[in-house]
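What follows is one structure encoded as structure tokens, with my remarks underneath.
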Amino acid sequence: MAIVKIPDENKTIRGDEAIASFLAERDIDFERWTPAASLPGDATADAILAAYATKIDALKALGGYITADVIDVKPDTPGLDAMLARFNSEHWHDEDEVRLIVEGRGLFHIHPRDGAVFAIEVEAGDLIRVPKGTHHWFDLCGDRRIRAIRLFQDKSGWTPHYTQSGVDRGFQPVCFGPAYIPASPSQRA
Ligand SMILES: [Fe+2]
């Protein structure tokens, strides 16, 4: 189950409805998504896309997305650190960032133009849409594992534009649970 935290307000939001409502007020779509089939851990990208074709097609029709692919990241994925470094500092895209999490977990931080930064930990069964232009960054959790379906309006629009704000450095890039320790005010950028 997803968790939302607002570190500056020392606030945690749990429960799918409460999270979806909090995010909807900030123009971010979130829903729990029940896969149509249970797939083995080594299922190919094509098998995943085929198994979830109904959901993918519905999202395409809603959001104007034209292509879908599967990102599959494991701790031993070659070039993983370089890949993560592209997305773990504050950036935006010229199109929506849509993810259906199939396996593993990840942590989005969202930086609204007029509000406190909040973090969303997503896991298998979570669907999230971060609208184009939204300032955000992304980290894997400690297990460095995520497999997710991505939807694109135009892949060229998904290049990250970096804000260079340094705001991301004021927040712990760790997922929630026992290891989560909020940054002290003196550590914030
Ligand atoms: Fe992004």
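Figures for the structure shown
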quantity	calculated
Hz values of 3J(HN,Hα) by residue in the stretch 73-89 - Karplus curve (6.51, -1.76, 1.60), Gly and Pro given as x	10, 10, x, 9, 4, x, x, 4, 4, 5, 5, 5, 5, 6, 10, 9, 10
Debye, to nearest 20: dipole size of the stretch 52-153, +1 on Lys, Arg Cβ, -1 on Asp, Glu Cβ	160
Solvent-accessible ranking of THR163, THR12, largest area first, probe 1.4 Å	THR12, THR163
Inter-label distance, nm, simple model (7 Å from Cα along the C-beta direction), ALA50/ASP69	2.0
Accessible carbon and sulfur surface of the stretch 1-54 relative to its total accessible area, %, 1.4 Å	47
Cα-projected label distance for LEU84 with SER156, points at 7 Å along beta-carbon direction, nm	3.2
Kirkwood hydrodynamic radius of the stretch 14-134, from inverse mean 1/r over distinct Cα pairs, in Å	15.8
Relative contact order (%) - the stretch 18-153, alpha-carbon pairs under 8 angstrom, separation at least six	34
At R0 = 45 Å, FRET efficiency that the Cβ-Cβ distance of ARG32 and GLN164 yields, to 0.05	0.80
Heavy-atom accessible area per residue - the stretch 20-174, 1.4 Å, Å²	46
Calculated [θ] (222 nm, deg cm²/dmol) that DSSP helices of n ≥ 4 give over the chain, each run adding -39,500 (n - 2.57)	-4500 deg cm²/dmol
Using alpha-carbon coordinates, inclination of helix 53-63 to the longest axis of the chain, degrees	60
Among PRO173, PRO160, PRO75, residue whose mean-square fluctuation peaks in a GNM of the chain (springs only between Cα atoms under 10 Å)	PRO75
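The values are calculated or read from the model by the stated rules, or taken from the named source; none is laboratory data. Here the structure is a predicted model, which means the values were calculated and not measured. In this analysis, Cβ positions are derived from the backbone assuming ideal geometry, glycine residues included, and neighbour counts consider all displayed protein chains. Heads up: the accessible areas ignore ligands, DNA and RNA and are worked out on the full protein's heavy atoms, side chains in. Shrake-Rupley method; radii C 1.70, N 1.55, O 1.52, S 1.80 Å.
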